[in-house]
1. Taking region 59-72, which residues are closer than 24 Å to R43 by Cβ and buried (at least 18 other Cβ atoms within 10 Å of the Cβ)?
2. Scan region 51-64 and tell me whether some residue there is of a type in the set (G, A, S), modelled with pLDDT under 95, within 18 Å of G199 (Cβ to Cβ) and in a helix (DSSP H, G or I).
3. Taking A164, is it closer than 26 Å to I315 by Cβ, in contact with a Phe, Trp or Tyr (Cβ under 8 Å, 6 or more places away or on another chain), modelled with pLDDT of 95 or more and hydrophobic (A, V, I, L, M, F, W, C)?
4. In the list A116, A44, A112, A89, which residue meets the criterion of being of a type in the set (A, V, I, L, M, F, W, C), surrounded by fewer than 20 Cβ atoms within 10 Å (Cβ to Cβ) and either under 18 Å from L269 (Cβ atoms) or within 24 Å of the chain's Cα centre (by Cα) (or both)?
5. Counting residues that are farther than 30 Å from A146 by Cβ and at pLDDT 95 or above, which strands (runs of 3 or more DSSP E) fully inside region 245-321 reach at least 3?
6. In region 255-285, how many residues are within 22 Å of M317 (Cβ to Cβ), in contact with a strand residue (DSSP E or B) (Cβ under 6 Å, 6 or more places away or on another chain) and of a type outside the set (A, V, I, L, M, F, W, C)?
7. Only one residue in Y311, Y292, Y303 is within 28 Å of D64 (Cβ to Cβ), in contact with a Ser or Thr (Cβ under 6 Å, 6 or more places away or on another chain) and of a type in the set (F, W, Y). Which one?
8. For the structure I just gave you, tell me whether P27 is surrounded by 14 or more Cβ atoms within 10 Å (Cβ to Cβ) and modelled with pLDDT of 95 or more.
Amino acid sequence: MTTRRALGALLASGLAAPALGQATRPPRRSADPDIAFPSPGPRAWAQQMRQIRIGLLGGENEADRLGRFGAYRALMEETFQLPARLFPASDYAGVIQAFGAKQLDIANMSPAAYAAAWLDTNGGVEPLLTTEEADGSISYVAVMLARADSGITSLEDMRGRAMAWSDPNSASGYLIPRFALRRQGVNPEQYFGRTGFAGGHEQAIIAVLQKQYDAAVTWASGQGDVNQGFTRGTLRAMVDKGLLDMRQMRIIWRSEPIINGPQTVRSDLPAAFKEDMRLFHLALPRAHPEIYRQIERGGGAGYREVSHQDYALMIEMRRQETAERRRRN
């Protein structure tokens, strides 16, 4: 069993170590000069798939998600000449459960949601790619925010206060902050006066703005201008939509780097489908930059191939969180 100290070292690196004997071929990246967007046309794998079913995680209101992914869906349908449908879930669990019921083919998952889906399906899902940030890294951070006028300036000031978690299947909005706080000697069940799930990342920030909670946690690239909500993440999306002025908020804590979540597919789908999905996304930033920007909620450097082993840490953390929940109950 991986120890907490070892998990902490892995969390700091943002990646799990490759398994012994794992292939050492460099992962393909959007920046590679030979990456080409797939040519339009029917595919042989379409004989096994009537449509491409795309899951959308919760955390943002449904109308905004459908709007951001509309052109993406249309491009996928046009490229592979097969109907493509969007399936927005009200929360992360909806996409996890849909994978388990084989009602989805692909979804961009959070790292914790991927881990949950992999555990719930006994390895029935696999990662293809993850987002590469502007500096070439493939990690992001969890940030804890309070209202700027609240007088709360640090984690210490949150003792006895109300904390909003984003979603029980979110890495940045629940799993990582709890894990990191326990490493600091803070028991989340005892330290905060009240905790609750806000129903998503945007909802958690809005709950703080409306003084329903004293602080909330969400995800951010951790890069770029903090006053603009960084380059990517919930805060940047809310700033861009006019829902948030960063002067209203104060960041009082941030995590160590967390590996970005993967584009996830069902393991039982055709290998040729998986390869087309890799190439579609790897080439998307150069071939269709506006669509890429919309689905990624800001700028980045594209995508990079990943493997299941890259998420071994997150799976171990999910197992630990489940075991602790059982002990509490």
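1. Residues of region 59-72 that are closer than 24 Å to R43 by Cβ, as a first pass: 69-72.
Answer for region 59-72, where residues must be closer than 24 Å to R43 by Cβ and buried (at least 18 other Cβ atoms within 10 Å of the Cβ): F69, Y72.
2. At the first step, the residues of region 51-64 found to be of a type in the set (G, A, S) are 55, 58-59, 63.
Imposing the further condition that a residue be modelled with pLDDT under 95 reduces the set to 58-59, 63.
Add one more test, that the residue is within 18 Å of G199 (Cβ to Cβ), and what stays is 58-59, 63.
In the following step, the residues that additionally are in a helix (DSSP H, G or I) were identified as 63.
Yes, region 51-64 contains a residue that is of a type in the set (G, A, S), modelled with pLDDT under 95, within 18 Å of G199 (Cβ to Cβ) and in a helix (DSSP H, G or I).
3. Here the answer is yes, as A164 does meet what is asked.
4. Of A116, A44, A112, A89, the one residue that is of a type in the set (A, V, I, L, M, F, W, C), surrounded by fewer than 20 Cβ atoms within 10 Å (Cβ to Cβ) and either under 18 Å from L269 (Cβ atoms) or within 24 Å of the chain's Cα centre (by Cα) (or both) is A44.
5. Hits in region 245-321: 262-266, 302-305.
6. 7
7. On the way: Y311 fails: in contact with a Ser or Thr (Cβ under 6 Å, 6 or more places away or on another chain); Y292 fails: in contact with a Ser or Thr (Cβ under 6 Å, 6 or more places away or on another chain).
The conditions single out Y303.
8. Working: surrounded by 14 or more Cβ atoms within 10 Å (Cβ to Cβ): yes; modelled with pLDDT of 95 or more: yes.
Yes; evaluated as a whole, the condition is true for this residue.
The values are calculated or read from the model by the stated rules, or taken from the named source; none is laboratory data. This is a predicted model, so every value here is computed, not measured. Ideal geometry is used to build each Cβ from the backbone, glycine not excepted, and the neighbour counts take in all protein chains shown.
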